[in-house]
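Nothing in this text is a laboratory measurement; each read-out follows from the coordinates by a stated rule. All of these numbers come straight from a predicted model, not from anything done at the bench. Ideal geometry is used to build each Cβ from the backbone, glycine not excepted, and the neighbour counts take in all protein chains shown.
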Amino acid sequence: MAPKGKGYEVEWPPGCEKLGAGFAFSCGQEVLLLKRSPNSGNPLTWGLPGGNVDKTDESLLFAAKREAVEEMEQLPEGFEVVREVTTRRGKRLQKWYKVFVARISEAVKEAYKPALNDEHTEYKWVDVKELHMLNLHPVVSLLFSSTGELPVEQFQKLMAPVAA
C-alpha cells in the first residue's frame with residue numbers, strides 16, 4: 001500500500017514506508033556510481049542514479065528513469081535491463097529500493113558523459129571488486145554485499161560476456 005493508503009500510482013509493498021528506484025548501469029565488470037554532494041542525504045557517499053518514487057510515477061521503472069534523468073540529464077543509449085533487485089533497509093526494513101541492473105556497450109560507456117545536477121559532484125565507473133574501497137551509499141552496500149541481493153560474484157557472472 002502507498003503511504004497513508006492514497007495518492008500514488010505505484011502500489012507500495014506492505015510495510016514499506018519509503019519507496020525508491022534506480023539503475024546500476026554496467027559495462028563489463030564496472031558499474032556507474034555518482035558521488036553525493038555534501039548537502040544531499042547520505043553526503044559524500046557513492047550511489048546509484050535514482051531516487052524516491054513520486055505520486056505521478058506510473059511504474060518503478062518510470063521512477064528510476066525520471067530520477068536518473070534529473071540527476072544526469074540523460075540516460076545511456078541502448079541500455080538493456082538484465083535483472084531487477086529489491087533492497088530493504090532501515091530499523092524495520094521499511095525502506096525499499098528497486099534496482100534495475102542495466103547493461104551498456106563499451107562504445108556507449110566511452111561516449112556517455114553525464115551532466116550531473118547539484119545532488120552529485122562527480123561520477124565514475126568502478127570495478128565491482130573495488131567497491132569495498134569506497135564510502136558507499138547504503139543501497140550500494142546492501143546490493144553488492146556477500147549476503148546482499150546481488151553479491152559481487154553473482155554480478156560478475158551476470159555481466160560476463162556472452163559466447164557467440
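Data for the structure
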{"quantity": "Dipole in debye (nearest 20) - the chain, about Cα centre, beta carbon charges: Lys, Arg +1; Asp, Glu -1", "calculated": "700"}
{"quantity": "GLN94-GLU110 pseudo-label distance in nm [points 7 Å out on the Cα-to-Cβ vector]", "calculated": "4.9"}
{"quantity": "Aspartates and glutamates whose Cα lies under 19 Å from that of LYS157, excluding same-chain neighbours fewer than 8 positions away", "calculated": "GLU30, GLU80, GLU84, GLU106, ASP127, GLU130, GLU149"}
{"quantity": "For Rg and Dmax of the Cα atoms in Å, calculated from these coordinates, the label among [x] 66.2, 221; [y] 15.4, 51; [z] 18.3, 58", "calculated": "[y]"}
{"quantity": "Distance in nm between pseudo-label sites at LYS55 and LYS18 (7 Å out along the Cβ direction from Cα)", "calculated": "2.1"}
{"quantity": "For the chain, share of DSSP beta bridges that run antiparallel, in % to the nearest 5", "calculated": "70"}
{"quantity": "Long pairs among LYS18/LYS124; LYS65/LYS98; LYS65/LYS109, criterion Cα-Cα beyond 19 Å", "calculated": "LYS18/LYS124"}
{"quantity": "The chain - percent relative contact order, Cα under 8 Å, separation 6 or more", "calculated": "28"}
{"quantity": "Helix 60-72 axis, angle to the chain major axis (alpha carbon atoms, nearest 10°)", "calculated": "60"}
{"quantity": "Virtual spin-label span in nm between GLU77 and LYS124, 7 Å along Cα→Cβ", "calculated": "2.7"}
